[in-house]
Amino acid sequence: MPALLLLTGPSAGRRFELTPQVTIGRSPSCEIPLEDEQASRRHALLTLSAGQARIRDLGSRNGTLVNGQRIDAEVLLVPGDQVRVGTTLAVFEPPPVSIVDESVTARPSVPPTHVPIEEVLPHVGTAAALYSAGTALLGATSTAMVLRRLAEEVSHALNADRAAALLGGGPEGLRTGAAAGAATVDVPSAMAQASLEGKELVQQGTSLCAPLVASGGMPSGVVYVERAEPDFTDGEGQLLAALGRMGGEALAAVRSRTDGDEADAWPTPVGTSRPWRALLEEARRAAASAAPVVVAGEPGVGKAVLARFVHARSPRALGPLVTVDCRGAFEQVEAALFGRASEPGHPPLTSAVLRADGGSLLLLHVDALPSPLAERLAGMLARRSAPARQGGEEPVDVRVLATAVVPLARSGGSATLARVLVGFEMSVPPLRERSADAPVLFEHFAARAARQVRQMAPLLTAEARCLLVDYAWPHNVREVELLAERLGRVHAGSPVGMAQLPVELQLGGAPRTLAERVARLERDAIAEALREAGGMKARAAELLGIGRPTLDRKLAEHTLLVPRGRGE
């Protein structure tokens, strides 16, 4: 029976046999359900008739692709066709063909031989080098890990004194890489340029350079080796070219797994208030360091966003960012942090500490980590080691980023882990203490929601902006995000005024004391004058009967923005 084999995505590795009608999508009612946020609930329909399989899109948001081309009508699938739904890539498998020839007589069965797999695998020679490099690159989870493992494998396979794997090309040249055999390796620019531009294996004396290239593309970098003597042979040149090709495919595979989540992985910190700008400056200083970072604050203030900002601005930005939520069940968190051996029907789970090698490990809600796991993790971080896939431990280079409600010293959790994570401590203020950021955050989230429905962003009126600033936001930025996403879709391209905001915002912003009522009247008068003056502050001050410096001071006090108009 024909089938779809899922190659990538959250359900990678699963195989679904096709029936006469099969729907693919995020809904659990689909015959092929996908835990894929970029897939629509009912994304595509596969029909099987007279041995032929056809596919059509069901009006999905991101479309259905066959062999990289978006389809607009029903398409006939042939063996080997690749179907992409969201971030999930699947290959169409035809039914097996059995050929029965009555003229062929059955021969007696031969008793099977049994040989341990470790004795069959190659241990010396070119086959062993390719096998070792293949397994190392298949386990790489980031660009930095691919480059580092490739440099190490090339150095060992070719018995080189020094080796390097570098990314680059274009106007910026070779921009990053990994070295083996020395702290730094000087790669001759002429060799690297020739290898990049011509997709060539270049030899100069006792140095070799080959391109990092995936099938059907241009080189994304080079792999380079050198040794004192003897000169490299033709066979060694072929081996380096093969390793360069394998490295290029590994880089393409890593990027295909991460590019779909790029926007979510690196959210942009949003805000213009003075406390937020000061916090971002502190985060930039922390990013330049190698010390651990603990970000504390109330739920919903954006602690994880700030932690990801630190990683993205750090020298480890090309390395992996592995996230573990410490609030899960004990067994679930234990398996995520320290890995799990293979079980029937389930492949082994690699430790998050090992997967973060060369990058950062983000521990969400680290104050909720159970004490036994915290003590075990603290020991591994202190030893700079992680559980190895084959058993035991192996050295790792990991920077820890963590979020917590309160600083670890006051959380009452593991004192040992708190000592290991001593470094930068940042406290994110609640939104009520930087209320000027509320309208900016609303506009950011609303514009994002409007883009998802291919509409223009909604426009906040001055009255609505004032209410957003006045509201206490008990659930912080998360509350703004939920409100903005809803209004961004419902009122896309339209004004959002006081009437469109929830009742709690309208009531929460109502002045109560005499001073609050006077301040509200003053701010409304200034806003009205600015609108009447078309944004010209000098004219608005004249209408209000005050001086320009007084108006500027009042604008700052009431966090009012000057509307865009003809004037200033």
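The values are calculated or read from the model by the stated rules, or taken from the named source; none is laboratory data. All figures in this text were calculated on a predicted structure; none of them were measured in a lab. FYI the Cβ positions are ideal-geometry reconstructions off the backbone, even for glycines, and counts take in every protein chain you see. Surface areas here come from the heavy atoms of the whole protein model, side chains and all, with no ligands, DNA or RNA. Shrake-Rupley method; radii C 1.70, N 1.55, O 1.52, S 1.80 Å.
Just one of the listed residues (366, 420) is β-branched (Val, Ile, Thr) and within 21 Å of the chain's Cα centre (by Cα), and it is 366.
Just the residues that are under 23 Å from residue 480 (Cα atoms), touching a strand residue (DSSP E or B) at 6+ places or on another chain (Cβ under 8 Å) and crowded, with 19+ Cβ neighbours inside 10 Å, please, taken from segment 288-309. Correct list: 295, 296, 297, 303, 306, 307, 308.
The conditions of being under 15 Å from residue 241 (Cα atoms) and either among the aliphatic types (A, V, I, L, M) or open to solvent by less than 10 Å² (accessible area, probe 1.4 Å) (or both) are met by residue 158.
Taking the criterion of being surrounded by fewer than 20 Cβ atoms within 10 Å (Cβ to Cβ), of a type in the set (Lys, Arg) and at pLDDT 90 or above, the residues of segment 376-409 that qualify are 376, 383, 384.
Looking across segment 135-149, the residues that are closer than 11 Å to residue 246 by Cα and either touching a helix residue (DSSP H, G or I) at 6+ places or on another chain (Cβ under 6 Å) or outside any helix (DSSP H, G or I) (or both) come down to 136, 137, 146.
Of the residues 371, 351, 360, which single one is in contact (Cβ under 8 Å) with a residue 24 or more places away in the chain, open to solvent by 30 Å² or more (accessible area, probe 1.4 Å) and touching a Gly at 6+ places or on another chain (Cβ under 8 Å)? One residue alone meets the criteria, 371. Screening segment 277-287 for residues that are open to solvent by less than 10 Å² (accessible area, probe 1.4 Å) and within 20 Å of the chain's Cα centre (by Cα) and picking the one that is nearest to residue 145 (Cα to Cα) gives 287.
For the residues 484, 540, the requirement of being at pLDDT 85 or above, among the small types (Gly, Ala, Ser), surrounded by 13 or more Cβ atoms within 10 Å (Cβ to Cβ) and closer than 21 Å to residue 276 by Cβ singles out 484.
Residue-wise test of (1) open to solvent by 40 Å² or more (accessible area, probe 1.4 Å); (2) in contact with a Ser or Thr (Cβ under 8 Å, 6 or more places away or on another chain); (3) β-branched (Val, Ile, Thr).
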{"residue": "3", "(1), (2), (3)": "no, no, no"}
{"residue": "38", "(1), (2), (3)": "yes, yes, no"}
{"residue": "64", "(1), (2), (3)": "no, no, yes"}
{"residue": "69", "(1), (2), (3)": "yes, no, no"}
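Only one of the numbered conditions (1) at pLDDT below 90; (2) over 30 Å from residue 185 (Cα atoms); (3) surrounded by 19 or more Cβ atoms within 10 Å (Cβ to Cβ) is not met by residue 262, and that is (3). Screening segment 310-322 for residues that are open to solvent by 40 Å² or more (accessible area, probe 1.4 Å) and out of contact with any Gly (no Cβ under 9 Å at 6 or more places or on another chain) and picking the one that is nearest to residue 406 (Cα to Cα) gives 313.
Of the residues making up segment 323-343, those that are under 20 Å from the mean Cα position of the chain (by Cα) and either open to solvent by 80 Å² or more (accessible area, probe 1.4 Å) or not hydrophobic (A, V, I, L, M, F, W, C) (or both) are 323, 325.
Scanning segment 411-452 for residues that are small (Gly, Ala, Ser), surrounded by fewer than 22 Cβ atoms within 10 Å (Cβ to Cβ) and closer than 20 Å to residue 279 by Cβ gives 423, 427, 435, 436.
Table: residues versus (1) hydroxyl-bearing (Ser, Thr, Tyr); (2) in contact (Cβ under 8 Å) with a residue 60 or more places away in the chain.
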residue	(1), (2)
206	yes, no
210	no, no
226	no, yes
239	no, yes
242	no, yes
253	no, no
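So that you can scan it fast, the table gives a plain yes or no per residue for (1) touching a Ser or Thr at 6+ places or on another chain (Cβ under 7 Å); (2) at pLDDT 85 or above:
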| residue | (1), (2) |
| --- | --- |
| 171 | no, no |
| 174 | no, no |
| 210 | yes, yes |
| 229 | yes, no |
| 233 | no, yes |
| 238 | no, yes |
| 244 | no, yes |
| 251 | yes, yes |
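When only residues in segment 40-62 that are farther than 15 Å from residue 88 by Cα and small (Gly, Ala, Ser) count, which is least open to solvent (accessible area, probe 1.4 Å)? Per the stated criteria, the residue is 53.
Residues checked against (1) part of a loop (DSSP other than H, G, I, E, B); (2) open to solvent by 20 Å² or more (accessible area, probe 1.4 Å); (3) in contact with a Cys (Cβ under 9 Å, 6 or more places away or on another chain):
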site: 195; (1), (2), (3): no, no, yes
site: 200; (1), (2), (3): yes, yes, yes
site: 211; (1), (2), (3): no, no, no
site: 238; (1), (2), (3): no, yes, no
site: 241; (1), (2), (3): no, yes, no
site: 247; (1), (2), (3): no, no, no
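Taking strands (runs of 3 or more DSSP E) as the structural unit, those lying wholly within segment 270-381 and holding at least 1 residues that are closer than 16 Å to residue 423 by Cα correspond to 293-296, 360-364.
Quick grid of which residues meet (1) charged (D, E, K, R); (2) closer than 18 Å to residue 21 by Cα; (3) free of Cβ contacts under 8 Å to residues at least 24 places away in the same chain:
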| site | (1), (2), (3) |
| --- | --- |
| 43 | no, yes, no |
| 53 | no, yes, no |
| 56 | yes, yes, yes |
| 78 | no, yes, yes |
| 83 | no, yes, no |
| 91 | no, yes, no |
